[in-house]
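Enquirer: Sharing a structure with you now.
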Amino acid sequence: MAIGWEKVTVDLATSLGPIQLATPLVAASGTVGSVWEFAKVADPIAYGAMTAKSVSGDPWKGRPPPRLAPAGLGMLNGIGIQNVGIDAWRTETAPKLRRVGTQVWGSAVGTTPAEYARVAIGLAAAGVAAVEVNLSCPNLEDGRMFALDATLSGEVIAAVKGAVELPVGAKLSPDAEEIVPIALACHEAGADWLTLTNTARGAGIDIRSRRPLLSGVVGGYSGAPLKPISLRCVIEVAQALTEVPILGCGGVMRGADVIEYLMAGATAVGLGTIHFAEPRAATRILAEMVQWCEENGVDRVIDLVGAMEAG
Ligand SMILES: Cc1cc2nc3c(=O)[nH]c(=O)nc-3n(C[C@H](O)[C@H](O)[C@H](O)COP(=O)(O)O)c2cc1C
């Protein structure tokens, strides 16, 4: 579906802390490769920004297959953040990022705060516009996910903020028992925005073979069923920490889902799993959003931010 950009009367511009975005849509990490490959089959100008898959300090092999499986109305993945490591990523990717047509963010992952910082330095050198910190990774010391612990999350964000001049976002997990204290720790450590959220931990079994759907048994659950959970995280954080910029992410399939996240308090919204079924989904979703705004007398998408009425 062509959106007919020249005729759009709704102002799509938004911001995420210090970052200006031409549209509120952001391609979610891990669902658009290292961006430049995906940009050839998608419509990059539909996105305010596109996020590359997470990169670690040294190369990670990832998990053996099966690593992706449909499960209910969503999808399980247990890729194990396979990647070539920051040095090779930088050499391979940096020359191609400038030709993408929208801003590209890097995503850092690691098992210690120092590794996250090292990756962020490499991402900055590759020319990314911002660094999103993927905190859904087990830390080396006790194997517990950084994103489930406020102190550890804050330490990682402080290390990355100390290492680069770029805007830094903290990507949190919907599995946190209480999301607000973790959001607060990241904000106090200097995060310029919060991405809410990553996948939720999930599992499935093929009852014929009696084997788990993923080789790692437990993986990340994403897609439509995640939306109410991520949206709840956005509402809780937006209401508790009114000054923190939020990128809502989880289960967006239609323009109406984006509007819901904006009303919850996000100023930008991620698209992830939808890309696997529909690589050009951003163009359709943006057109649906514009149509809704026109029908409802909304001239600027930023006027929808936090527009949810009291319950
Ligand atoms: C196959 C796959 C790989 C992913 N890899 C990453 C990753 O490398 N880094 C990251 O921060 N999030 C990763 N995610 C999480 C997405 O960026 C997104 O936060 C999540 O899937 C929820 O959004 P969705 O329901 O629109 O997919 C991945 C998701 C999927 C489905």
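Enquirer: If you wrap a convex hull around the alpha carbons of the range 12-133, what volume per residue comes out, as a whole number of Å³?
Expert: In the range 12-133, the Cα convex hull volume per residue is 127 Å³.
Enquirer: In whole Å, what is the distance between the alpha-carbon centres of the range 172-244 and the range 7-85?
Expert: 16
Enquirer: Still on this structure, please answer the following. What does the charge add up to near A39, with Lys and Arg as +1, Asp and Glu as -1, over the other residues with Cβ less than 13 Å from its Cβ? Walk me through the numbers on the way to the answer.
Expert: Working: positive: K40, K96, R98, R99, R280; negative: E37, D43.
So the environment of A39 carries a net charge of +3.
Enquirer: Okay, moving on. Mean Kyte-Doolittle hydropathy of -0.5 or higher plus an axial Cα length of 18 Å or more: which whole DSSP H helices in the chain meet both? Working shown, then result.
Expert: Details: long enough: 113-126 (20 Å, 0.86); 150-163 (20 Å, 1.01); 227-240 (20 Å, 0.68); 281-295 (21 Å, 0.15).
Within the chain the helices that satisfy the rule are 113-126, 150-163, 227-240, 281-295.
Enquirer: Measuring with a 1.4 Å probe in the full set of protein chains, what accessible area per residue, in whole Å², belongs to the chain? Write down the numbers at each step before the final one.
Expert: Values: 13360 Å² over 311 residues.
Per residue, the chain has an accessible area of 43 Å².
Enquirer: Right, something else. Take each of the peptides 90-96, 110-116, average the number of other beta-carbon atoms within 10 Å over its residues, and list them starting from the highest. Display every interim value, and only then the final one.
Expert: Numbers: 90-96: 16.1, 110-116: 20.9.
Descending mean neighbour count gives 110-116, 90-96.
Enquirer: Here's something else I'd like to know. Probe radius 1.4 Å, ligands and nucleic acids left out: which of T151, T267 has the largest accessible area, and how do the rest follow? Walk me through the intermediate numbers first.
Expert: Values: T151 95, T267 30 Å².
Solvent-accessible surface, decreasing: T151, T267.
Enquirer: Only bridges whose two residues both fall in the chain count here: according to DSSP, what percent of them are antiparallel, nearest 5? Mind showing how you got there, number by number?
Expert: Details: 17 of 46 bridges.
Here the share of antiparallel DSSP bridges comes out near 35 percent.
Enquirer: Taking the chain as a Gaussian network, Cα atoms linked when under 10 Å apart, which of I19, I207, I81 shows the biggest mean-square fluctuation?
Expert: I207
Enquirer: Here's another thing I want to ask about it. Write down Rg/Rh for the chain, rounded to two decimals, with Rg from the C-alpha atoms and Rh from the Kirkwood relation over Cα pairs. List each step's numbers first, then the result.
Expert: Working: Rg = 18.2 Å, Rh = 19.3 Å.
So for the chain, dividing Rg by the Kirkwood Rh gives 0.95.
Enquirer: Now for a separate question. Work out the length of the dipole vector of the chain about its Cα centre, built from +1 on the beta-carbon of each Lys and Arg and -1 on the beta-carbon of each Asp and Glu, and round it to the nearest 20 debye. Each step should come with its number before you reach the end.
Expert: On the way: 24 positive and 31 negative charges, 268 e Å.
Around 1280 debye, computed over the chain.
Enquirer: Two decimals is fine: what's Rg over Rh for the range 218-311, C-alpha atoms, Kirkwood radius as Rh?
Expert: On the way: Rg = 13.3 Å, Rh = 13.6 Å.
We get a ratio of 0.98 for the range 218-311.
Enquirer: Determine the share of the chain's accessible area contributed by carbon and sulfur atoms, expressed in whole percent, with a 1.4 angstrom probe. Display every interim value, and only then the final one.
Expert: Numbers: 7310 of 13360 Å².
C and S atoms contribute 55 percent here.
Enquirer: For the range 141-232, what are the per-bin percents of Cα-Cα distances with bins 10 Å wide, up to the bin holding the maximum?
Expert: In whole percents, the pair-distance histogram is 16, 39, 29, 12, 4, 0.
Enquirer: Give the peptides 259-266, 213-220 in descending order of average Cβ contacts within 10 Å, highest first.
Expert: 259-266, 213-220
The values are calculated or read from the model by the stated rules, or taken from the named source; none is laboratory data. This is a predicted model, so every value here is computed, not measured. A quick note on method: Cβ atoms are made from the backbone with ideal geometry, for glycine too, and the neighbour counts reach across all protein chains shown. Remember, those area values only see protein heavy atoms, side chains included, never the ligands or the DNA or RNA. Shrake-Rupley method; radii C 1.70, N 1.55, O 1.52, S 1.80 Å.
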